[in-house]
Amino acid sequence: MAEIKVNCVNETCPVPLVETRKALRKASPGDIVVVTGTHPTSKKEIPMAVEAMGLEVLSQEEKKGVWTIKIKK
Amino acid sequence: MPEKATLIVHSGDMDKVYSALIIGNGALSMGMEVSMYFTFWGLQRLKKGSLEKGPLSKMNFGGLGKWMIQRKMKKANVASLEKLFQDYLELGGKILACDMTMEIMGVKKEDLRDDWISEYCAVGTYVKEARESNLTLFI
């Protein structure tokens, strides 16, 4: 089980969503994809995409405007 | 079967091509299959070296408006059309080119980014795909 990091700090729409999807496509089942970013709407929309694909958000946190979303494939 | 989005890109304006590619990438990112049909002015953007060449749909002012918007986009760190196009292809999005437009506008296959295009087609292919789509747009 690998942990894949995706850094989307300072990226704007649609890059965080697209980079998350790219990472999830490459990941193997069981891998954890960890996305960090600053674009506020993507924080809301990445979990929507994860749910639409039938995957699971493990955790979500935010510190000083930088959010981190952990996704299990 | 995954849900499907089918987009017609009729406009070659820079801002509208942005809309099309952002929606296309968004739909792919949300787990949909996506086909984008390039026709008329949209098809011109598939010519080699033409992707970023479209004017602004409003307030272009001979390119000055476009230049100002592009400066603002750069400041906001908006991805280039080239990057969005590469992402779209990497996520499995399909590009289709209208062959009737090619004929009336004298566009040849070798003028186009043939490596991007998965099919040359006409309206029948679009309707067949659109009728089984959950989302279809004309841009």
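Read the figures in this text as sums done on the coordinates, not as results from a lab. Here the structure is a predicted model, which is why all the values come from computation and not from measurement. Cβ placement follows ideal geometry from the backbone for every residue including glycine, while neighbour counts extend to all protein chains displayed.
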(request) Please provide three numbers in whole Å: the alpha-carbon extents of the protein assembly as shown along the principal axes, with the largest listed first. (result) 54, 43, 26
(message) As a test, work out the antiparallel percent of DSSP beta bridges whose residues both lie in the range B:4-138, rounded to the nearest 5.
(response) 5
(request) Take the Cα coordinates of the range B:51-106, assign each an equal point scatterer, and use the Debye formula without solvent to give log10 I(q)/I(0) at q = 0.17, 0.21, 0.25 Å⁻¹. (result) -0.79, -0.94, -0.98
(request) May I ask for the distance between the Cα centers of the range B:29-50 and the range B:113-139, given as a whole number of Å? (result) 9
(request) Return an integer: the convex hull volume of the alpha-carbon atoms of the range B:4-138, in Å³ per residue. (result) 104
(request) Name the most mobile residue of B:A79, B:A122, B:A27, meaning the one with the largest mean-square fluctuation, in a Gaussian network model of chain B with Cα contacts below 10 Å. (result) B:A79
(request) Between B:L89, B:L21, B:L51, find the one with the highest GNM mean-square fluctuation for chain B; connect C-alpha pairs within less than 10 Å. (result) B:L89
(message) What translational diffusion coefficient, to the nearest whole µm²/s, does the range B:5-70 have by Stokes-Einstein, given a Kirkwood radius computed over alpha-carbon pairs, a temperature of 37 °C and 0.692 mPa s viscosity?
(response) 265
(message) Inside 10 Å of the C-beta atoms of A:19-28, what's the mean count of C-beta atoms belonging to other chains?
(response) 3
(request) For the range B:121-137, take each phi angle, set θ = phi - 60°, evaluate the Karplus expression 6.51 cos²θ - 1.76 cosθ + 1.60, and give the result in whole Hz per residue in order, putting x for glycine and proline. (result) 8, 9, 4, x, 5, 5, 4, 4, 6, 5, 5, 9, 9, 8, 8, 9, 9
(message) Residue by residue through the range B:18-29, what is 3J(HN,Hα) from phi via Karplus (6.51 cos²θ - 1.76 cosθ + 1.60, θ = phi - 60°)? Round to whole Hz and write x for glycine and proline.
(response) 4, 4, 4, 6, 5, 5, x, 5, x, 5, 4, 5
(message) Can you classify chain A as rounded, prolate or oblate using the Cα gyration tensor, where a ≥ b ≥ c are the square roots of its eigenvalues, rounded means a/c under 1.5, and otherwise it's prolate if a/b beats b/c and oblate if not?
(response) prolate
(request) Output the relative contact order of chain A, whole-number percent, from Cα pairs under 8 angstrom with separation of 6+ residues. (result) 34
(request) Quick one: which residues, 5+ away or cross-chain, put their amide H under 5 Å from the amide H of B:E3? H built at 1.01 Å from N. (result) B:E33
(message) Past 22 Å, Cα to Cα: identify those pairs from B:K4/B:K72; B:K74/B:K109; A:K64/B:K74; A:K5/A:K43; B:K47/B:K94; A:K26/B:K109, in the order given.
(response) B:K4/B:K72; B:K74/B:K109; A:K64/B:K74; A:K26/B:K109
(request) Please average, across the residues of B:19-32, the number of beta carbons from any other chain that are within 10 Å of each residue's own beta carbon, and give a whole number. (result) 5
(request) Scan around A:D31 for amide H atoms under 5 Å from its own, H built in the peptide plane at 1.01 Å from N, and keep only partners 5 or more places away or cross-chain. (result) A:A2, A:K73
(message) Looking at the protein assembly as shown only, what percent of DSSP beta bridges run antiparallel? Nearest 5 please.
(response) 40
(request) Select from B:R71, B:R45, B:R113 the residue whose mean-square fluctuation is largest in a Gaussian network model of chain B (Cα-Cα springs shorter than 10 Å). (result) B:R71
(request) Please find the FRET efficiency linking A:A2 to B:N77, where r is the Cβ-Cβ separation and R0 is fixed at 22 Å, and quote it to the nearest 0.05. (result) 0.20
(message) Just want the ordering: A:S42, A:S28, B:S118, B:S57, from fewest to most Cβ atoms lying within 10 Å of their own Cβ.
(response) A:S28, B:S118, B:S57, A:S42
(message) Test of understanding: ordering A:V50, A:V6 by Cβ neighbours within 10 Å, fewest first, what list do you get?
(response) A:V6, A:V50
(message) Could you work out [θ]222 nm for chain B from helices alone, using -39500 (n - 2.57) per DSSP H run of at least four and dividing by all its residues? Round to the nearest 500 deg cm²/dmol.
(response) -12000 deg cm²/dmol
